[in-house]
């Protein structure tokens with residue numbers, strides 16, 4: 001199994017956690033997003049979206065982190081990343097999509113750079129955009145988690161699920177952007193629980209061979 005990845009890519013981070021959680025060996029192919037390598041002809045031929053992650057498993061080629069994680073869940077069901085019950089699976093997917101669909105796309109590298117060129121926003125204005133959408137997303141996640149009895153040590157129960165895999169990279173990104181997680185106590189508590197686990201530590205950006213300061 002081959003994973004095209006970049007150490008600071010939140011989407012790649014999610015997939016790395018999933019692979020680590022399930023104990024699936026992989027070969028990493030590093031795509032330097034900072035240099036624009038993903039926009040070159042060579043990588044465009046691999047993935048016309050010009051994004052990471054890209055998972056290659058034999059003849060199977062998958063982009064989009066959530067689709068990759070669902071594929072891994074079905075092919076390698078143990079240990080699970082989705083609950084056994086229908087309502088639980090729906091809740092986990094909902095929590096994951098609060099981040100993957102509603103939060104990350106608005107603060108991702110492409111839109112963030114577009115705000116500067118061609119729209120002409122300065123760094124201060126762009127950072128306000130970033131803070132607004134990240135805070136809105138994590139605030140919504142907090143509201144879903146805080147008073148729900150299904151929230152446990154992790155987002156759903158007492159073992160990590162797809163929801164935790166979605167949340168952790170966004171929290172890591174927020175901390176790097178000087179956003180204080182303590183304003184969302186449930187999110188912050190679960191984040192700290194996750195990053196204590198070896199699987200999450202091995203998947204972390206700073207632990208990757210292509211990591212840069």
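Calculate the translational D of segment 86-200 in whole µm² s⁻¹ from Stokes-Einstein, where the hydrodynamic radius comes from the Kirkwood formula applied to all Cα pairs, the temperature is 20 °C and the viscosity 1.002 mPa s.
Values: Rh = 14.6 Å.
D = 146 µm²/s.
When all alpha-carbon pairs of segment 2-79 are counted, what percent fall beyond 22 Å? The calculated P(r) of segment 2-79 puts 18 percent of pairs beyond 22 Å. Can you classify the chain as rounded, prolate or oblate using the Cα gyration tensor, where a ≥ b ≥ c are the square roots of its eigenvalues, rounded means a/c under 1.5, and otherwise it's prolate if a/b beats b/c and oblate if not? Oblate, because a/c is 1.5 or more while a/b does not exceed b/c. Annotation for segment 77-138 versus segment 26-74: alpha-carbon center distance of 19 Å.
Model label sites at residue 183 and residue 84, defined 7 Å from Cα along the beta-carbon direction, differ in position by 4.1 nm.
List residues of segment 35-54, by number, whose backbone nitrogen lies under 11 Å from a label position 7 Å along Cα→C-beta of residue 212. Correct set: 35-37.
Please arrange 43, 6 by how many other C-beta atoms lie within 10 Å of their C-beta, fewest to most.
On the way: 43 21, 6 25.
Ordered by Cβ neighbours within 10 Å, fewest first: 43, 6.
Rule-based calculations on the coordinates, nothing more; no lab input. Being a predicted model, the structure only gives us computed values, none of them experimental. Don't worry about glycine lacking a Cβ; one is built from the backbone with ideal geometry, like all the others, and counts go over all protein chains shown.
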